[in-house]
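Heads up, the thing below is written out as structure tokens.
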Amino acid sequence: MMNWNDGWSAADWFGMALVMLVFWSVIIGVAVMAFRSLRDRSSETTAVDPERLLDERFARGEITEDEYSRKRDLLRGR
């Protein structure tokens, strides 16, 4: 019988190293993307635009037009 497995050649080692590099790059890339996604979501929930809230309150009829104008000018620094 012939021995078909004479050991690993240089191309085999290079291929294995390349596959491991791709594997770990994908794992680290997915972890970084997940971390950024979670961080972006948490900052969105804490950041509130006061003018948008004022617009929503006015649209729901919670405040009058005079109150809306006065508070909007106050927020804009007029």
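FYI, it's all coordinate maths here, none of it is from the lab. These numbers were taken from a predicted model, which means no experiment stands behind them. Glycine gets a Cβ as well: all are built from the backbone with ideal geometry, and neighbour counts include every protein chain shown.
What the table shows:
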read-out	value
log₁₀ of I(q)/I(0) at q = 0.19, 0.29, 0.30 Å⁻¹ - the range 16-78, Debye sum with one point per alpha carbon	-0.79, -1.10, -1.12
Gained length - VAL48 relative to PHE35, 0.36 nm times residue gap less alpha-carbon distance	2.5 nm
Residue-span extension gain [THR64 to PHE23] - 0.36 nm each, minus C-alpha spacing	8.8 nm
Net +/- balance of residues flanking ARG70 in space, Cβ distance below 15 Å, scoring K and R +1, D and E -1	-2
